[in-house]
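Below is one structure; the comments refer to it alone.
The values are calculated or read from the model by the stated rules, or taken from the named source; none is laboratory data. Just so you know, these numbers come straight off a predicted model, no measurement behind them. Note that we place each Cβ from the backbone using ideal geometry, even for glycine, and neighbour counts take in every protein chain shown.
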Amino acid sequence: MKKIATFIICLIIITVAKADILKTPLNKTNTDSAIIASAAVSTQAKRDTTFVPVVTIVSSYQDVIYKRRLDSIKREVPLDYNDYVQTYIDIYTAPGRRDDIARILGLTKYYFPIYEKAFRDAGIPEEIKYLSVVESALDPMAVSRVGATGPWQFMFATGKLYGLNIDNYVDERRDPIQATYAAAAYIKDAYQDFGDWLVAIASYNCGKGAITRAIEKAGASDFWSIRPYLPAETRNYVPAYIAIAYVMNYYNHHGIMPRACEMALKTDTVLVNKYVSLNDISRVLNMDIKQISGLNPQYKLQIVNGTDAAPKRLVIPKIDKTSYATLYDALNNPNISAAQFAPITASVNETSAFKKRPVSAENTTSKKTGRSFITYKVRRGDTLSQIAEKFDGTSVEKIKALNGLKGGHLTPGMMLKISKG
């Protein structure tokens with residue numbers, strides 16, 4: 001009896017000790033406390049990414065089932081499993097999140113085919129499409145607290161750098177097609193710079209400069225090694241991506257049923273060479289304006305500002321031949337003129353911030369010449385995208401072409417030709 005009593009007392013002491021440990025925040029030497037703010041999927045989002053929720057203590061357990069499931073869906077991008085990833089899986093599959101996930105799953109029927117085509121064309125892994133869920137919850141109208149906009153949350157300067165048109169009429173950061181091609185180009189550049197898909201994904205959140213500095217501090221180039229040296233949001237950004245990849249494939253194991261997609265899954269594309277309002281188009285087609293504007297979120301004033309020199313894309317639900325004839329007549333109305341659609345001056349956030357973290361231009365050391373280009377001496381930590389941002393009228397692709405560069409690797413001290421514009 002004494003031995004049994006002693007055993008029971010020891011068991012109670014161990015149980016109490018475990019409870020105390022679980023109540024105590026994990027020490028930073030063991031793991032980082034994530035400080036990402038609560039997700040907001042409207043244009044009033046308070047964070048740079050809209051679907052990375054609050055985490056104060058990461059999970060202290062691992063489950064072999066989750067690891068096997070992640071392994072089974074892994075393609076080119078590593079889907080590592082650990083406590084950080086498990087924490088986000090728990091969050092995204094929790095009862096309070098299931099409605100959000102169900103809605104997003106419905107939207108994937110429309111958006112994912114667009115993403116997959118753009119990524120195939122760019123030659124990057126299609127599974128990176130899940131990153132848009134982390135960025136915006138597939139909301140093309142999402143705007144972060146610092147002005148990152150659209151399904152891929154581009155900042156103004158980075159969007160312009162990757163070819164997105166932003167003016168009084170149009171913000172192509174909201175355009176699912178154009179913005180996805182821009183995101184694919186950015187991630188491809190980052191992969192060429194760093195040679196690791198998870199690091200390239202992390203770069204999309206914090207910028208290539210922050211990645212370069214983290215690699216120097218860590219003395220390694222894989223994500224999990226450089227993670228402690230990255231900004232707090234980025235440390236959790238990659239685990240959130242892996243968790244979303246899991247949830248998008250195994251939602252049915254967690255009692256989540258996709259909602260029906262409210263957007264037209266079968267669409268037609270029309271090139272418009274005149275100024276015409278989406279309201280007029282919806283009236284001609286006898287459709288709800290929300291349906292038309294939802295397919296064309298890039299038009300800030302709900303005006304398609306096409307011209308003969310630069311026709312604009314209009315996406316509409318698939319229609320029959322009779323409706324096409326009516327639409328064609330409306331679009332070719334001789335009484336329509338651009339003067340009818342003068343824009344209200346719109347304020348645009350023209351910050352020079354690079355993605356979410358500003359890039360200092362103080363390292364710029366250029367030497368003007370009488371030629372059609374200037375020269376730039378590469379400094380330690382420079383990337384092609386950072387250099388392109390410093391100079392008007394150039395881009396990553398232009399720098400590569402002018403200097404005969406195939407990849408994105410730069411060596412400190414090398415001289416680059418930069419076109420004058």
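For the reader, a short list of remarks on this structure follows.
- In the stretch 385-420, residue nearest to Lys160 (Cα to Cα) [restricted to those that are in contact (Cβ under 8 Å) with a residue 40 or more places away in the chain and hydroxyl-bearing (Ser, Thr, Tyr)]: Ser395
- Hits in the stretch 298-331 (condition: closer than 20 Å to Met263 by Cβ and either touching an Asp or Glu at 6+ places or on another chain (Cβ under 7 Å) or in the same structural domain as Glu172 (by TED's automatic domain parsing) (or both)): Gln298, Lys300, Ile316, Lys318, Ile319
- If you go through the stretch 113-154 and keep only what is at positive phi and either at pLDDT 95 or above or surrounded by 24 or more Cβ atoms within 10 Å (Cβ to Cβ) (or both), you end up with Gly123, Ala137, Leu138, Gly150, Gln153.
- Evaluation of Ala214 against (1) modelled with pLDDT of 95 or more; (2) within 20 Å of Gln386 (Cα to Cα); (3) under 17 Å from the mean Cα position of the chain (by Cα) (one fails), failing number: (3)
- The residues of the stretch 278-293 that are surrounded by 18 or more Cβ atoms within 10 Å (Cβ to Cβ) and under 17 Å from Asp175 (Cα atoms), listed by number, are Leu278, Ile292.
- Within the stretch 305-314, being surrounded by fewer than 19 Cβ atoms within 10 Å (Cβ to Cβ) and either more than 19 Å from Tyr169 (Cβ to Cβ) or of a type in the set (A, V, I, L, M) (or both) holds for Ala309, Ala310.
- Residue match in the stretch 228-247 (condition: surrounded by 23 or more Cβ atoms within 10 Å (Cβ to Cβ) and either touching a strand residue (DSSP E or B) at 6+ places or on another chain (Cβ under 9 Å) or acidic (Asp, Glu) (or both)): no
- In the stretch 214-236, of all residues being assigned to a helix (DSSP H, G or I) and hydrophobic (A, V, I, L, M, F, W, C), the one that is farthest from Phe194 (Cα to Cα) corresponds to Ala232.
- Of the numbered criteria (1) in contact with a helix residue (DSSP H, G or I) (Cβ under 9 Å, 6 or more places away or on another chain); (2) more than 30 Å from Leu79 (Cβ to Cβ); (3) not acidic (Asp, Glu), the one Ala309 fails is (1).
- The stretch 303-339, subset under 13 Å from Val276 (Cβ atoms) and among the hydroxyl-bearing types (Ser, Thr, Tyr), residue modelled with the highest pLDDT: Thr307
- Flag if Ala157 is touching a helix residue (DSSP H, G or I) at 6+ places or on another chain (Cβ under 9 Å), among the hydrophobic types (A, V, I, L, M, F, W, C) and modelled with pLDDT of 95 or more: no
- Selection within the stretch 176-211: residues that are over 13 Å from the mean Cα position of the chain (by Cα) and not in a helix (DSSP H, G or I). The member of this set that is surrounded by the fewest Cβ atoms within 10 Å (Cβ to Cβ) is Gly195.
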